[in-house]
Amino acid sequence: MSESSMKRHMGLRASRTLGNTLIYILLITISAIWLIPFFCIVLQSFRVESTWQVGYVMPKVWGLDNYRKLFSSDFTRWYTNTFIISVFTALFQTVIVLCMSYTLSRFRFKMRKPLMRFMLILGFFPGMLTMIILYRVLKDLGLTQANAVPGLILVYIASSGMGYYVSKGFFDTIPKSLDEAARVDGATRFQVLKKIILPLSKPIVIYTVLTAFMGPWGDYVFARYISFGASAGMNVAVGLYNWLTPDQINNNYTMFCAGGVLVAIPVTLLFLFLQKYYVEGVTGGAVKG
Amino acid sequence: MAQLSDLEYLKLSKGRRLGYKVGRFFAKIPQATLNAFQRIGGALKSGVTAIGREAKDIVTTFVNGDWKTKLSYLVMGFGCLARGQILRGLLFLLFEIVFIGYMILSGAYWLSMMPSLGKVGPTETYDEIYDAYVHTYNDNSFQILLYSVLTIFFIIAFIYTWRVNIRQNKEAERILAAGKRLKSSKEDLHSMVDESFHKTLLSLPLTGIIIFTVLPLIFMILVAFTNYDGAHDGYISNLFHWVGLDNFNTLFSWKSASGTQSYAATFGEILSWTLMWAFFATFTNYFLGMFVAMAINKKGIKGKKLWRTILVMTIAIPQFISLLYVSKMFAKDGIVNGALMSLGWIDKALPFWEDATWARVSVILINIWIGIPYLMLMATGILMNIPADLYESARIDGANPWQQYTKITLPYMLFITGPYLLTSFIGNINNFNVIFLLTGGAPTNPAASSASGSVGYTDLLITWLFKISTGAESKYYLASVIGIMVFVVVSIIALIVYNLLPSIKNEEDFQ
Amino acid sequence: MASVKLTDVKKIYDNKVTAVHDFNLEIADKEFVVFVGPSGCGKSTTLRMIAGLEDISEGTLEIDGEVVNDLQPKDRNIAMVFQNYALYPHMTVYDNIAFSLRLKKMPEDEIYERVTNAAQILGITEYLTRKPRALSGGQRQRVAIGRAMVRNAKVFLMDEPLSNLDAKLRNQMRAEIILLRQKLDTTFIYVTHDQTEAMTLGDRIVIMKDGFIEQVGTPQEVFDTPVNLFVAGFIGSPQMNFLKANLEKAAGGYVVDILGVKLPLNEEQNAVLEQKGIGSQEIILGVRPEHTAVLFDNAEGAIECTIDVNEMMGSELHLHLSSQNNDKIIVRLPTVDLTKEQRESLTFGNKLYITFPAKVMHLFDPATEKSLIDG
């Protein structure tokens, strides 16, 4: 190797090392920015001295007071509500979404394209608009306020068929010839779904369950509307939000942090275990549009 | 701008290509609009001819049909029953009986009340014996409107079923004439899991969508033409009535009550901020997310999985926690201001949520914090799909990293994620969570706020809608008009993108 | 084991595109019929209509005398092998092959017997416990065939089963399919775009183009007497040569005139042309590369050409020639009889003379592209 080419080689390497160093610095900064708020929440949930703003992060007195207070508040009720809603929603929504997306991916019927276009246009309306009437109808049925849980489940699952895009994208990637082979082999359409497609669809089923579970876990708008001020019907989002209104924040801020930690833990754990499927769903869904 | 042939276009320099594309984009708008109208016209025309064809078929089936078919025009399902298809016949018959029963018992009443939305409102009489006012509640405008919409749906469903009933008679006659056998009830049931399996699968989701989305939407669109609000709830306070286009006039009139700004001005302000927000929220996330993904994916960077996991974990934490918490962090007496002041960098608190511009920039920046992990994931998936030989051949052709990005990565990403960008833009127009949980619309815009509710500088149309419908006066009619306007705005954007984007993306065809 | 009859079968897609026009064909019991044609010719669509995977827009399809238009695939008693094998990825090879039998609720003992038997015939016994992704292309192909075999179906459909294999494996599997056919002794319908496969496998070949049947016949028939330019060009490799020429009606019979060189036709050809009342006209003359006689020196009835390319194939040479009015001609020339001088003279730019015996000449009308003699 001649001297000049040696120099060039060294220069290239140096610039690459410099570039990578810059990227590491960037990534560390990003990670810090992303994680700091969550650290703060956790730290403040252990803070015993409870005025809302103290201008420092590290608690002076550590303790579990906030958690203890949580369990004597309505928080347990909200938590149970949220859990029940999420479980049922995850269950039904998954079934509905899979029915819809499988059909639109596999069957060619006359109304298929118009149906898809219709649902696209339907999605242009803000969903919140329908809440005004849904609230009143549910109220007539006695499914609001303290009884908001079944009402909310109904609202969450009812229109979930419209969110079929991601799972349809997944089904589209399973070769159609598998269906055809099975049908020639003597399977009915139902048997094709049960014996061929579903066993191959584990990732998308898990993705759908996961997103369906996480949706109501953090929903604020519908839950607030349907529970309408009745603490017994609230989910965690509505309940905790009220703790941060100007008249309550002074007493309940650290309890909000503790509540937030408890809310985040199960979802985060679930997410950690199922991350792979979530990533698959997100990337697959985006590519398919 | 005149259209160039493909080869002429390729001859242009890069800058002029861009100019050409932009010029063509605008030059095409009239044609695209015309096309859209033509398409609507064509659809109408084919709709009319379809109805004509149906009508003709109904008549000829009657004329040519046997007595079983003819009787089926009156008694649905008779043909099926007479030809031995018991299950189908019974279902048809049952549907007809239920329909007629419903129409006699209540449907006719609701329809008759629909034009007035109720005649007798709640009354208040003084009862001398009890020395108290007695309230009597009479007609219920809300129910009248709701049930008349339902009744109309029911009538449409009935007409459709009646038509199916006739078509099946014709079909049955044809099959029998060909000497073949009709399907038995058992075969009908079996077909639900086989050739008609899609109908079975769709029945549940579509029922949900019709009852919980389509019906309510039609109801809410109709509400835009009434005076339904807190003071006219249709039952307890007052009846509500049709008011024609009054509400639209209100929203678009520049006249204003004393001391407040006109609705039209407020609407304009909020709409322009909504569009601005949607634009920045979509594209900052998109490009920064892509950037982070590329940084993590760069060759030689260690711990890819760790970095990715750190970001992905933040998706798991419900937004209301992270957004509410961050909103409080940046409050006037929040931790950020506290820390900066104790460091002595500032004297008085920064007005993150108190100043209009500060607040708007802050929500966009915090939205980046929310959105990057998701975009990073998506971009990673796509970046890994770009064939490596594209980069290799670009490097051999002498492209530097920046050129590789602009010539390969970016066009590829844009091509693949075009539809996603549109959905994401629409999603941001309706991004209630981020705005409401961060600022609640604050800071208040004093000029736009009226007695009926406050309007803030960070309010989007969707949060404005929410405030109006939950505010003191609960102006549902106005909320409904705003909802319709959101639909119009979104549709226009979608139409433009769908009609114009594919044609200017030719060059980026990677498939 | 059954006959298949298609009468005026049509496939029209929603957007008014007609993929298959008036398809008429009777396939006898135990016959091996090959549909062949370029991509988009409707051959796969026709096969899929027979399988029940596509609706039949018009016409009737009968299997064993029974109209099956409205039957679901599962009720037609057919077996099918797909181009990409379509093996169920989550099942072992055994379960893949047993799938259809289990749907029929056959006792497990009998299933075991049939599956192992089929596996033995196909030589895949040792892979029965594996999942498809652990198999090579050829092995997957065998499993796909095995899955179809165990059914004892009336009709055996194969949709380009060899096109995903490499050339060597394809030749091997082709031979095995011939063997299999002898063992199964059932009706086969086979779709391919490869004319070699069609020629070697089929009892009869159906040549299709743009949704129309161009010609139906035994391999020998379609090779010897192609009814139009398309069939003539499609069957045979290398492709048949086409030259611009004139047909002249003279006193002693018809003569083909190529650039002044006159080649007489034989009696049989004369009789047909005479009977059809054809006069002098422009024609396209078709001659297969292997039927072209090469003369090293000019002679009576020899056409002068220039050599462009000389491809050495081992036992023979493929010579690419240009005639004087620039028609391209390929000639197959066995090497065994050539002298060293002759071989060395066959280089770029040198002259060469060729001629055609009457019986190898195919005459086509340039306007209708139909054969003037055959069909």
Subject >> Residues of segment B:418-444 classified as surrounded by 17 or more Cβ atoms within 10 Å (Cβ to Cβ), free of Cβ contacts under 8 Å to residues at least 40 places away in the same chain and either of a type in the set (Val, Ile, Thr) or part of a helix (DSSP H, G or I) (or both), total >> reply: 3
**OP:** Say whether the condition of being within 13 Å of chain B (Cβ to nearest Cβ), more than 30 Å from A:Ile84 (Cβ to Cβ) and assigned to a helix (DSSP H, G or I) is met by at least one residue in segment A:127-134.
**Re:** no
Subject >> Matching residues in segment A:67-78 - criterion: being farther than 25 Å from A:Ser227 by Cα and in contact (Cβ under 8 Å) with a residue 60 or more places away in the chain >> reply: none
Subject >> Total residues in segment B:316-326, condition out of contact with any Leu (no Cβ under 8 Å at 6 or more places or on another chain) and touching a residue at least 12 places away in the same chain (Cβ under 8 Å) >> reply: 1
Original post:
Looking at segment C:342-375, which of its residues are over 26 Å from the mean Cα position of the chain (by Cα) and within 18 Å of C:Glu316 (Cβ to Cβ)?
Top reply: C:Gln342, C:Arg343, C:Glu344, C:Ser345, C:Leu346, C:Thr347, C:Leu352, C:Ile354
**OP:** Tell me which residues, restricted to segment A:183-197, are more than 9 Å from every other protein chain (Cβ to nearest Cβ) and without any contact (Cβ under 8 Å) to a residue 60 or more places away in the chain.
**Re:** A:Lys194
Original post:
Do we find a residue being closer than 30 Å to B:Gly179 by Cα and crowded, with 17+ Cβ neighbours inside 10 Å anywhere in segment C:100-116?
Top reply: no
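Has segment B:351-362 got at least one residue that is among the aliphatic types (A, V, I, L, M), assigned by TED's automatic domain parsing to the domain that holds B:Asn431 and touching a helix residue (DSSP H, G or I) at 6+ places or on another chain (Cβ under 6 Å)?
Of all residues in segment B:351-362, those among the aliphatic types (A, V, I, L, M) come to B:356, B:359, B:361.
Narrowing the set further to residues that are assigned by TED's automatic domain parsing to the domain that holds B:Asn431 leaves B:356, B:359, B:361.
Now narrow it down to the ones that are touching a helix residue (DSSP H, G or I) at 6+ places or on another chain (Cβ under 6 Å): none.
The answer is no; no qualifying residue exists.
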Original post:
If you take the residues of segment B:360-380 that are surrounded by 14 or more Cβ atoms within 10 Å (Cβ to Cβ) and away from chain A (no Cβ under 11 Å), which of them is farthest from A:Leu27 (Cα to Cα)?
Top reply: B:Arg360
Original post:
Looking only at segment C:305-332, which residues are assigned to a loop (DSSP other than H, G, I, E, B) and either within 29 Å of the chain's Cα centre (by Cα) or free of Cβ contacts under 8 Å to residues at least 24 places away in the same chain (or both)?
Top reply: C:Met313, C:Gly314, C:Ser315, C:Asn326, C:Asp327
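Which count do you get for residues in segment B:172-188 that are exposed (fewer than 12 other Cβ atoms within 10 Å of the Cβ) and at pLDDT 85 or above? Before you say what the answer is, go through the steps one by one.
Filtering segment B:172-188 for residues exposed (fewer than 12 other Cβ atoms within 10 Å of the Cβ) gives B:174, B:177-181, B:186.
With the extra rule that they be at pLDDT 85 or above, the set shrinks to B:174, B:177, B:186.
Number satisfying all stated conditions: 3.
Which residue out of B:Leu383, B:Leu350 is of a type in the set (A, V, I, L, M, F, W, C) and within 14 Å of chain A (Cβ to nearest Cβ)? Before you say what the answer is, go through the steps one by one.
Numbers: B:Leu350 fails: within 14 Å of chain A (Cβ to nearest Cβ).
Result of the check over B:Leu383, B:Leu350: B:Leu383.
Step by step: first the residues of segment B:153-197, then only those that are among the hydroxyl-bearing types (Ser, Thr, Tyr) and in contact with a helix residue (DSSP H, G or I) (Cβ under 9 Å, 6 or more places away or on another chain), then the one that is farthest from the other protein chains (Cβ to nearest Cβ). Which residue is that?
Going through segment B:153-197, the residues among the hydroxyl-bearing types (Ser, Thr, Tyr) turn out to be B:160-161, B:184-185, B:191, B:196.
Still in the running and in contact with a helix residue (DSSP H, G or I) (Cβ under 9 Å, 6 or more places away or on another chain): B:161, B:184-185, B:191, B:196.
On the way: B:Thr161: 16, B:Ser184: 14, B:Ser185: 17, B:Ser191: 9, B:Ser196: 8 Å.
Top of the filtered list is B:Ser185.
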Subject >> Top-ranked residue of segment C:1-17 - restricted to ones that are at pLDDT below 90 and either closer than 19 Å to C:Ile213 by Cα or within 14 Å of chain A (Cβ to nearest Cβ) (or both), ranked as surrounded by the most Cβ atoms within 10 Å (Cβ to Cβ) >> reply: C:Tyr13
Subject >> Where A:Val87 falls short, out of the listed (1) facing another protein chain (nearest Cβ under 9 Å); (2) outside any loop (DSSP other than H, G, I, E, B) >> reply: (1)
Original post:
Quick one: how many residues across segment B:441-498 are more than 22 Å from B:His241 (Cβ to Cβ) and within 13 Å of another protein chain (Cβ to nearest Cβ)?
Top reply: 23
Subject >> From the options A:Leu134, A:Leu141, residue that is among the aliphatic types (A, V, I, L, M) and surrounded by fewer than 16 Cβ atoms within 10 Å (Cβ to Cβ) >> reply: A:Leu141
Subject >> Members of segment B:297-333 found to be β-branched (Val, Ile, Thr) and either within 23 Å of A:Val267 (Cα to Cα) or more than 7 Å from chain A (Cβ to nearest Cβ) (or both), listed by number >> reply: B:Thr309, B:Ile310, B:Val312, B:Thr314, B:Ile315, B:Ile317, B:Ile321, B:Val326
Original post:
Looking only at residues in segment B:239-259 that are surrounded by fewer than 17 Cβ atoms within 10 Å (Cβ to Cβ) and at pLDDT below 85, which one is nearest to the chain's Cα centre (by Cα)?
Top reply: B:Phe252
Subject >> A:Ser105, sole failed condition from (1) in contact with a Phe, Trp or Tyr (Cβ under 9 Å, 6 or more places away or on another chain); (2) facing chain B (nearest Cβ under 10 Å); (3) farther than 23 Å from A:Ala232 by Cβ >> reply: (2)
**OP:** Tell me the helices (runs of 4 or more DSSP H) entirely within segment A:202-273 that contain at least 1 residues that are more than 11 Å from chain B (Cβ to nearest Cβ) and within 16 Å of the chain's Cα centre (by Cα).
**Re:** A:202-218
Original post:
Give me the pairs: first residue in segment B:198-210 and facing chain A (nearest Cβ under 7 Å), second residue surrounded by 20 or more Cβ atoms within 10 Å (Cβ to Cβ) and modelled with pLDDT of 90 or more, beta-carbon distance under 6 Å, and six or more apart or on different chains, which are they?
Top reply: B:His198/A:Thr103; B:Leu201/A:Cys99; B:Leu201/A:Thr103; B:Leu202/A:Thr103; B:Pro205/A:Ile96; B:Pro205/A:Cys99; B:Pro205/A:Met100
**OP:** Within segment B:22-81, work out how many residues are in contact (Cβ under 8 Å) with a residue 60 or more places away in the chain and either part of a loop (DSSP other than H, G, I, E, B) or over 27 Å from B:Ala172 (Cα atoms) (or both).
**Re:** 12
Original post:
facing chain B (nearest Cβ under 10 Å), in a helix (DSSP H, G or I) and under 20 Å from the mean Cα position of the chain (by Cα), is that true of A:Gly161?
Top reply: yes
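Being surrounded by 15 or more Cβ atoms within 10 Å (Cβ to Cβ) and in contact with an Asp or Glu (Cβ under 7 Å, 6 or more places away or on another chain) is true for just one of C:Ile307, C:Ile283, C:Ile373. Which residue is that?
So the residue among C:Ile307, C:Ile283, C:Ile373 that is surrounded by 15 or more Cβ atoms within 10 Å (Cβ to Cβ) and in contact with an Asp or Glu (Cβ under 7 Å, 6 or more places away or on another chain) is C:Ile283.
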Original post:
Applying the selection to segment A:164-182, what residues are crowded, with 24+ Cβ neighbours inside 10 Å and facing another protein chain (nearest Cβ under 9 Å)?
Top reply: A:Tyr164, A:Ala181, A:Ala182
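Kindly evaluate A:Leu120 against the criterion of being at the interface with chain B (Cβ under 9 Å from one of its Cβ atoms), of a type outside the set (Gly, Ala, Ser) and within 24 Å of the chain's Cα centre (by Cα).
Numbers: at the interface with chain B (Cβ under 9 Å from one of its Cβ atoms): yes; of a type outside the set (Gly, Ala, Ser): yes; within 24 Å of the chain's Cα centre (by Cα): yes.
Yes: the conditions hold for A:Leu120.
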Subject >> Cβ pairs under 8 Å, 6+ apart, first in segment C:333-347 and loosely packed, with under 10 Cβ neighbours inside 10 Å, second not in a strand (DSSP E or B) >> reply: C:Val336/C:Ser315
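The values are calculated or read from the model by the stated rules, or taken from the named source; none is laboratory data. As the structure is a prediction and not an experimental result, all values here were calculated from the model. Note that each Cβ is placed from the backbone with ideal geometry, even for glycine, and that neighbours are counted across all protein chains shown.
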